[in-house]
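Everything on this sheet refers to the single structure shown next.
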Amino acid sequence: MNISVVDTKSIRSCNNYLKQVACHIETENNCSITVCHMIDNTKVFQVKISYTKQKKHQTNYLLLLAVCHYDTKLWPAVHQSFKILAKQPGVPICHFILYDNYVICPGQ
């Protein structure tokens, strides 16, 4: 599969550094709950991705949300993101939002 980023757009109403709320599902002992928390020093982007399946040679598109955390200096050094990216606290960390996660932002 060939995957490419086609376009990115900053979501302006989500880029007030102090007003986003991120929500995600946590499951334990067959019980799922939605956990929400404030996130700061963060920007949210809409990312358009194209992908082509090799057998069909047809290009498809996805719109995804990405969150970039710009101030990670207070994150624990053992945070999963630093392990995966081989980075240290203080560097920006960006990731895609999973299908069952969401970010709540103030209106414009």
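The values are calculated or read from the model by the stated rules, or taken from the named source; none is laboratory data. On a predicted model such as this, the values are computed, not experimentally measured, just so you know. Cβ sites come from the backbone with ideal geometry, for glycine too, and all protein chains shown count toward neighbours. These accessible areas exclude ligands, DNA and RNA; they are computed on the full protein's heavy atoms, side chains included. Shrake-Rupley method; radii C 1.70, N 1.55, O 1.52, S 1.80 Å.
Assorted remarks:
- Each residue, I49 and S81, gets one label point 7 Å from its Cα in the Cβ direction; the gap between the two is 1.7 nm.
- Nitroxide proxy distance, nm - points 7 Å out along Cα→Cβ at V21 and I3: 3.0 nm
- For segment 1-84, lysine pairs with C-alpha atoms less than 25 angstrom apart, excluding pairs fewer than eight positions apart on the same chain, total 10.
- Dipole-positive endmost among P106, N29, Q46 within the chain (Cβ charges, Cα centre): Q46
- Legend: translational diffusion of segment 32-108 by Stokes-Einstein, Rh = Kirkwood radius over C-alpha pairs, 37 °C, 0.692 mPa s; D = 220 µm²/s.
- ³J(HN,Hα), Karplus 6.51/-1.76/1.60, whole Hz, each residue of segment 25-36, x for Gly, Pro: 8, 10, 10, 8, 6, 6, 10, 10, 9, 9, 10, 10
- Based on alpha carbons, the Rg and Dmax found for segment 24-75 are 17.1, 46 Å.
- For the chain, the solvent-accessible area of protein heavy atoms averages 74 Å² per residue (probe radius 1.4 Å; ligands and nucleic acids excluded).
- Our note on the geometry: Cα centres of segment 81-108 and segment 1-42, 7 Å apart.
- Accessible carbon and sulfur surface of the chain relative to its total accessible area, %, 1.4 Å: 54 percent
- Estimated [θ] at 222 nm from DSSP helical runs (n ≥ 4, -39500 (n - 2.57)) normalised by residues in the chain, nearest 500: -1500 deg cm²/dmol
- Stretch gain in nm, segment I33-Y99, where the contour uses 0.36 nm per residue and the Cα spacing is subtracted: 22.2 nm
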